[in-house]
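Read the structure below first, then the notes.
The values are calculated or read from the model by the stated rules, or taken from the named source; none is laboratory data. Just so it is clear, the structure is predicted and the values come from calculations on it, not from any experiment. Note that each Cβ is placed from the backbone with ideal geometry, even for glycine, and that neighbours are counted across all protein chains shown. Calculation scope for accessible area: heavy atoms of the full protein, side chains included, ligands and nucleic acids excluded. Shrake-Rupley method; radii C 1.70, N 1.55, O 1.52, S 1.80 Å.
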Amino acid sequence: MKITIKEIAIDAGVSISTVSRVISDSSKISESTKEKVRESIKKLNYKPNIMARGLVKKKSGVLGVIMPEEAIKLFSSPFFIEIMQGISLKAKERDYYIMYDFCKNEKEEYESTKKLVESGFVDGICLMSTRKEDKSIEFLKELKFPFVIIGEPENKDGVLWVDNDNLKATYEAVKKILFPSIKRLEKSKIFFVGGDKKLTMTNNRIDGFQSASNELGLESEIFLGNDFSREEGYRLAKKIFKLENPKNFIISEDNLLKGFLEYLEEKKNYDVNIVSFNKTNLKESWREKVYLVDIKPEKLGIEAVDILIDHIEDKSENSSRVVNIEL
């Protein structure tokens with residue numbers, strides 16, 4: 001039988017309104033009374049109803065997470081699985097629920113964001129990507145609605161965000177990992193293979209790639225796809241190897257990498273050096289050829305939820321957090 005707030009009040013010997021105030025952690029209730037009520041809650045195993053709690057706190061206790069197009073194929077990429085795990089773990093720890101909304105394109109992301117905010121179901125929004133002239137960001141900023149972005153926004157003013165230092169990570173990947181291998185080879189040209197050029201992450205990684213290439217005096221070339229799918233990785237590999245026989249690559253995402261390697265396997269070409277981002281399962285034949293940079297997606301999810309809830313509860317001090325990448 002479900003325990004009600006009335007039974008808690010009877011067991012603790014206080015009024016129903018006092019129990020409600022204890023649940024909402026009101027400063028008007030003495031610590032001794034709070035302790036007595038909490039003991040009854042624990043003893044009777046009372047679970048506050050989320051909607052009732054929302055009415056008391058004037059908050060729903062729910063966060064909305066807008067998942068982008070790439071996440072629809074999340075089971076083919078560990079990135080979104082791990083980031084969702086981090087989001088869910090931190091939300092549970094801080095007594096919040098998560099409402100995920102999967103979107104097929106940028107327009108759907110904006111519409112979903114707008115609907116969630118206008119519904120009153122959520123206390124804050126987590127955006128999983130950021131683009132140039134992002135409509136969702138502008139909408140949330142205009143309303144002054146609590147939100148956080150996993151990704152570095154184009155305009156950081158008044159925005160909570162969490163990301164890796166993608167420029168620095170790509171710069172160091174070229175200098176510390178790819179370049180030592182290149183020095184032992186005759187061919188020194190390097191290639192960057194990436195996805196959607198509207199995304200800030202893609203542009204930051206390109207900047208790091210170009211900066212390192214220029215500093216080391218390496219010839220370089222950039223190939224970008226329409227998205228981060230395996231199909232695009234395969235298509236870009238086919239396009240590149242039709243032009244020449246390159247050996248050295250920075251590949252921006254693990255799904256692109258998978259498609260890229262599929263093409264190389266078909267051609268039985270294992271004479272390459274590749275640096276890619278995020279963890280993914282590799283066949284034995286590729287483990288000596290591909291260096292994977294762990295961008296710590298679970299940590300990104302944890303930090304994003306933490307900073308958003310701090311802001312919702314008026315505890316926020318920092319507007320951004322950078323999750324370090326270890327090469």
- [ ] Please state which one of S136, S181 is within 27 Å of F209 (Cβ to Cβ) and hydroxyl-bearing (S, T, Y).
- [x] S181
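Consider region 89-104. How many of its residues are of a type outside the set (F, W, Y), closer than 22 Å to K296 by Cβ and in contact (Cβ under 8 Å) with a residue 12 or more places away in the chain?
5
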Open item on the list: Checking the condition open to solvent by 10 Å² or more (accessible area, probe 1.4 Å) and of a type outside the set (A, V, I, L, M), which residue from F223, F260, F249, F277 passes?
Closed with: F223
TODO: State all residues of region 227-245 that are closer than 21 Å to D207 by Cα, of a type outside the set (F, W, Y) and either open to solvent by 80 Å² or more (accessible area, probe 1.4 Å) or at pLDDT below 90 (or both); if no residue qualifies, say none.
DONE: D227
- [ ] Could you list, in sequence order, all residues of region 280-314 that are over 10 Å from the mean Cα position of the chain (by Cα) and open to solvent by 60 Å² or more (accessible area, probe 1.4 Å)?
- [x] N281, K283, E284, R287, E288, K289, Y291, H311, E313, D314
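From K198, K183, K187, K175, grab the single residue that is among the basic types (K, R), open to solvent by 20 Å² or more (accessible area, probe 1.4 Å), under 30 Å from G124 (Cα atoms) and modelled with pLDDT under 95.
On the way: K183 fails: under 30 Å from G124 (Cα atoms); K187 fails: under 30 Å from G124 (Cα atoms); K175 fails: under 30 Å from G124 (Cα atoms).
It is K198.
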Task: Looking only at region 146-172, and only at residues there that are at pLDDT 85 or above, open to solvent by 40 Å² or more (accessible area, probe 1.4 Å) and assigned to a loop (DSSP other than H, G, I, E, B), the one that is nearest to S252 (Cα to Cα) - done: D165
Open item on the list: Among the residues that make up region 64-81, is at least one of them touching a residue at least 24 places away in the same chain (Cβ under 8 Å) and more than 23 Å from E232 (Cβ to Cβ)?
Closed with: yes
Open item on the list: Being in a helix (DSSP H, G or I), at pLDDT 90 or above and surrounded by fewer than 22 Cβ atoms within 10 Å (Cβ to Cβ) is the requirement here; does K268 meet it?
Closed with: no
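Just checking, which of V122, V117 is part of a loop (DSSP other than H, G, I, E, B), more than 17 Å from the chain's Cα centre (by Cα) and of a type in the set (A, V, I, L, M, F, W, C)?
On the way: V117 fails: part of a loop (DSSP other than H, G, I, E, B).
One residue alone meets the criteria, V122.
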Task: Single unsatisfied condition, N166 versus (1) in contact with a Phe, Trp or Tyr (Cβ under 9 Å, 6 or more places away or on another chain); (2) under 22 Å from I240 (Cα atoms) - done: (2)
Open item on the list: Condition (residue is modelled with pLDDT of 80 or more, open to solvent by 90 Å² or more (accessible area, probe 1.4 Å) and over 30 Å from K107 (Cα atoms)) applied to region 46-69: is it met by at least one residue?
Closed with: no
- [ ] Evaluate region 226-238: report whether one residue or more is over 18 Å from the mean Cα position of the chain (by Cα) and not in a helix (DSSP H, G or I).
- [x] yes
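Residue by residue, here is whether (1) touching a residue at least 60 places away in the same chain (Cβ under 8 Å); (2) under 21 Å from the mean Cα position of the chain (by Cα) holds:
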{"position": "L160", "(1), (2)": "yes, yes"}
{"position": "T170", "(1), (2)": "yes, yes"}
{"position": "P180", "(1), (2)": "no, no"}
{"position": "K189", "(1), (2)": "no, no"}
{"position": "L199", "(1), (2)": "yes, yes"}
{"position": "T202", "(1), (2)": "no, yes"}
{"position": "A212", "(1), (2)": "no, no"}
{"position": "G217", "(1), (2)": "no, no"}
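When you go through P146, P153, P246 one by one, which is the residue that is out of contact with any Phe, Trp or Tyr (no Cβ under 8 Å at 6 or more places or on another chain) and not aliphatic (A, V, I, L, M)?
On the way: P153 fails: out of contact with any Phe, Trp or Tyr (no Cβ under 8 Å at 6 or more places or on another chain); P246 fails: out of contact with any Phe, Trp or Tyr (no Cβ under 8 Å at 6 or more places or on another chain).
Within the list P146, P153, P246, the selection yields P146.
Every residue in region 80-105 that is open to solvent by less than 40 Å² (accessible area, probe 1.4 Å) and in a helix (DSSP H, G or I), please. Write out each step before concluding.
Looking only at region 80-105, we keep the residues that are open to solvent by less than 40 Å² (accessible area, probe 1.4 Å), and these are 80, 82-84, 86-87, 90-91, 96, 103.
Answer for region 80-105, where residues must be open to solvent by less than 40 Å² (accessible area, probe 1.4 Å) and in a helix (DSSP H, G or I): F80, E82, I83, M84, G86, I87, K90, A91.
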Task: Pairs with Cβ under 7 Å, 6+ apart, first in region 219-235 and in contact (Cβ under 8 Å) with a residue 24 or more places away in the chain, second part of a loop (DSSP other than H, G, I, E, B) and open to solvent by 60 Å² or more (accessible area, probe 1.4 Å) - done: L224/K197; E232/N226
TODO: Those residues that are at pLDDT below 90 and either of a type in the set (S, T, N, Q) or over 24 Å from S60 (Cβ atoms) (or both), I need them from region 108-134; list them, please.
DONE: S119, S129, T130, R131, K132, E133, D134
